[in-house]
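Everything on this sheet refers to the single structure shown next.
Where a number appears in this text, it was derived from the coordinates with a stated rule and is not lab data. All of these numbers come straight from a predicted model, not from anything done at the bench. Positions of Cβ are generated from backbone atoms using ideal geometry, with glycine treated the same way; all protein chains shown enter the neighbour counts.
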């Protein structure tokens, strides 16, 4: 090895310098995360974010996003328009500099943008580099200017296209067509874009964002004059709020703007979303830490102050978070994000600012609004009363260590592999299917946990009931991560958690109950892509020595035709349950990595997922009935 490396030439000729936007095209994942659907849609977000920055600067109140028939996207705003005068340092028109140069833009100038979502100055130039073509139209100072680009390179000089007419409107239009040589597929999803645009509209009250799809003529308009107050009310639909009007705070301290909306509900789960300069900080950060500290301290002080006999319960962070729905949004001149994905805010000074503002304003709210204050305090106190019993149940469920099988439940048929990245846990419906799975599995890396009956619906269960439920405790112990605030993904004993249920209505219900549990109690498993759904076959077709498995109703006729049609004496078996398959069949069709078809459960839109779980699994019957009536005609597969 060393001898071979010593003979290889390595000198100045091996040093490659990528000029202009070549680096972006060479390593697109470094800039947009990947070349799959997420990276594709990220291009739109980069362009829209520039328009939103104009809105945050107070010079834009409408953005139009259009998906066009030719596969391109056009984003138009009514902001100031990108500057088009000559850039003295670069010797080019400012528009061309912004569109073709990395780390160029007005966001480095604190006078142009007090706050901005992207401070690296790479957004629009990266979009340009990764597009087959891009067209920029700027309207400012009564003139319309235009320039076109091919894969990041200007095809012409910036030119006046006003035709002598005075242009009254101002703003920027960017149209781009993603490069099919870069992306796996160039097909924009209307719903994916709509979700992100809805979020941006909530975070910027009064900003109208319109999405139009020329392919289908579908149109959605997002405009929320109430901003994050409406956001919280949207997330709390169907959850029986404890107070009609959410608590709202908007304040600025040391140049940091803090906006918070809070509304408690009767439920047992909590949903707190945090944002920094419109960026969803999935992993929280200093702003979320300050918020949590403030509500815990403030509610404790209120409860202690209201108690006349001096024996008030001391509330923990878990106690004050139960039933809490909140949005925490900060806007900072120079945000410091931890990691390239901007998932966590790191500005240390922000914690104290958020904690101080939220603490003082929430204290005032509780004193001035005794009715909602009492409802919130009573809920938190009631939660605290069950804490000791819950802690005992939690201790029973907690694993001693990630590799110590001595604390594992007896119902678990564990595997011999100890590397979590190589192991799988199958959650199987019923003892019969569990028996087949145990016999058919690969004992080296596949573990089996057979579940008895239907799991508890954690959407409607108090925390003490969750921890006292035998099946829930068994799952927590087997998975090893703990749940809620104690969750630690590094303690996971398995790289994949695979839900394997029957292909019927009961199986679908059990699968939904398990997904509800993971979403409410272990959402990080979903965020890390560790949860999967097994796809057992619906039919087995046999003709002579030929045996074929069919996984979907839509494939049945085609498979039968390939085997010679029904008149050729094809034996057809319809599987109603996993237990009907012998161990060899279950392994071959559903568990063998070489043949199986697993569906990875992704958490692309936590807000929409929260809404759907509340409707389908909550105690609001009317909203569930309306949901069923609305979507009944769209059901494609229903086991009857």
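Enumerate the residues in the stretch 154-195 having an amide nitrogen under 12 Å from the point lying 7 Å beyond the Cα of residue 216 toward its Cβ. Only 188-194 pass the distance filter.
As a proxy for reagent exposure, ranking 145, 133, 587 by other Cβ atoms within 10 Å from fewest up yields 133, 587, 145. In units of the compact-protein estimate 2.2 N^0.38 Å, the stretch 465-531 shows a Cα radius of gyration of 1.10.
Rounded to the nearest 0.05, what FRET efficiency is calculated for residue 184 and residue 599 with R0 set to 25 Å and r the Cβ-Cβ distance? Computed FRET efficiency for residue 184 and residue 599: 0.85. If R0 equals 35 Å, the separation of the Cβ atoms of residue 307 and residue 266 corresponds to a calculated FRET efficiency of about 0.95. In this entry, the stretch 199-250 is assigned a mean projected area of 4.6 nm², taken as a quarter of its C-alpha convex hull surface. The smallest convex shape that holds all Cα atoms of the stretch 398-514, its convex hull, gives 103 Å³ per residue.
Converting the Cα gyration tensor eigenvalues of the stretch 509-585 into ellipsoid dimensions via √(5λ) gives semi-axes, longest first, of 35, 13, 10 Å.
Of all DSSP beta bridges confined to the stretch 228-385, the antiparallel ones make up roughly 75%.
Between the beta carbons of residue 454 and residue 252, assuming R0 = 56 Å, the FRET efficiency works out to 0.65 to the nearest 0.05. Going from the residue with the fewest nearby Cβ atoms within 10 Å to the one with the most, 518, 337 rank 337, 518.
Fully extended, how many nm does the chain gain between residue 141 and residue 547 (0.36 nm per residue separation, minus their Cα-Cα distance)?
Gain in length upon complete extension: 138.9 nm.
Note on the stretch 22-222: Cα convex hull, mean projected area over all directions, 11.0 nm². Given their separation in residues at 0.36 nm each and the Cα-Cα distance between them, residue 584 and residue 166 gain 142.8 nm when the chain is fully extended. Of all DSSP bridge pairs formed entirely within the stretch 22-222, close to 85 percent run antiparallel.
In terms of overall dimensions, the stretch 492-640 has a Cα radius of gyration and Dmax of 18.1, 53 angstrom.
Of the listed values (i) 0.95; (ii) 1.30; (iii) 1.10, grab the one calculated as Cα Rg over 2.2 N^0.38 Å from the structure here. Matching entry in (i) 0.95; (ii) 1.30; (iii) 1.10: (iii).
Over all orientations, the stretch 228-385 has a Cα convex hull whose mean projected area works out to 9.0 square nanometres.
Please report, to one decimal in angstroms, the Kirkwood hydrodynamic radius of the stretch 433-574 built from all distinct Cα-Cα pairs. Walk me through the numbers on the way to the answer.
On the way: mean 1/r = 0.0571 Å⁻¹.
17.5 Å is the Kirkwood radius here.
For the pair the stretch 186-240 and the stretch 523-539, the centres of their Cα atoms are 28 angstrom apart. By the helix-only formula, in which each DSSP H run with n ≥ 4 contributes -39500 (n - 2.57) and the sum is divided by residues, the chain has a 222 nm mean residue ellipticity of -10500 deg cm²/dmol.
By DSSP, what percent of the beta bridges with both residues in the chain are antiparallel, rounded to the nearest 5? The answer is about 70 percent antiparallel.
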